[in-house]
Amino acid sequence: MQEYVQMIRSEQVQKAALLWQEHRGAEFPANLRGVEVEGIDMVLLDADTAGCASTWINNGGTLDPQHRSILQSCVEDLDRVIPQISDPSGHQYYQRLHQLALLISGALDAK
């Protein structure tokens with residue numbers, strides 16, 4: 001059973017790593033620099049979520065309690081801001097970030 005859990009974890013990390021690589025290659029939407037949506041700084045939201053994703057991937061699928069809390073806040077903030085983003089490139093950028101955050105959050109909850 002432990003081998004199965006490790007295999008699933010490895011697959012989740014690999015999937016997240018691919019999505020993370022795609023996100024890192026994307027250009028930050030210029031029209032969202034220095035912008036707050038729903039009172040949330042969009043650059044900071046990107047940076048916080050990215051930091052948690054990078055840490056989770058580099059740690060083989062684990063996060064400490066502080067990063068877990070930050071990630072949960074990011075998921076909630078992404079839920080709030082994405083419907084407010086009308087620019088297609090900005091919407092796609094944050095939708096991908098949201099997908100990554102949910103993947104990691106779901107993997108953490110499944111532990």
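Worth a mention:
- Rounded to 10°, Cα long-axis angle of helix 42-58 versus longest principal axis of the chain: 10
- Probing with 1.4 Å while keeping every protein chain in the model, the per residue accessible area of the chain equals 58 Å².
- In sequence order, calculated HN-Hα J values of segment 66-82 (Karplus, 6.51, -1.76, 1.60; Hz; x Gly/Pro): 5, 5, 4, 5, 4, 4, 4, 5, 5, 4, 4, 5, 4, 4, 6, 8, 4
- Principal axis dimensions, segment 8-111 - Cα atoms, whole angstrom, descending: 37, 25, 18
- Estimated at 0.36 nm per residue, the fully extended path between HIS91 and SER73 surpasses their Cα-Cα distance by 4.6 nm.
- Contour minus Cα-Cα distance for LYS15 and GLU27 (0.36 nm per residue): 2.3 nm
- Ellipsoid semi-axes in whole angstrom, largest first, where each is sqrt(5λ) of the Cα gyration tensor of segment 62-103: 22, 10, 6
- Seen against the Cα atoms of the chain and their longest principal axis, helix 88-110 is set at about 30 degrees.
- Whole-Hz Karplus values for segment 34-39 come out as x, 10, 10, 10, 6, x Hz, taken residue by residue from phi with 6.51 cos²θ - 1.76 cosθ + 1.60 and θ = phi - 60°; glycine and proline positions read x.
- Cα gyration tensor shape for segment 11-68, rounded if a/c is under 1.5, else prolate or oblate: oblate
- Comparing mean-square fluctuations of LEU32, LEU71, LEU45 from a GNM of the chain with C-alpha springs under 10 Å, the top value falls on LEU32.
The values are calculated or read from the model by the stated rules, or taken from the named source; none is laboratory data. Worth saying up front: this structure is predicted, and the values here are computed from it rather than measured. Each accessible area value is taken on the protein alone, full model and side chains, heavy atoms only, with ligands, DNA and RNA left out. Shrake-Rupley method; radii C 1.70, N 1.55, O 1.52, S 1.80 Å.
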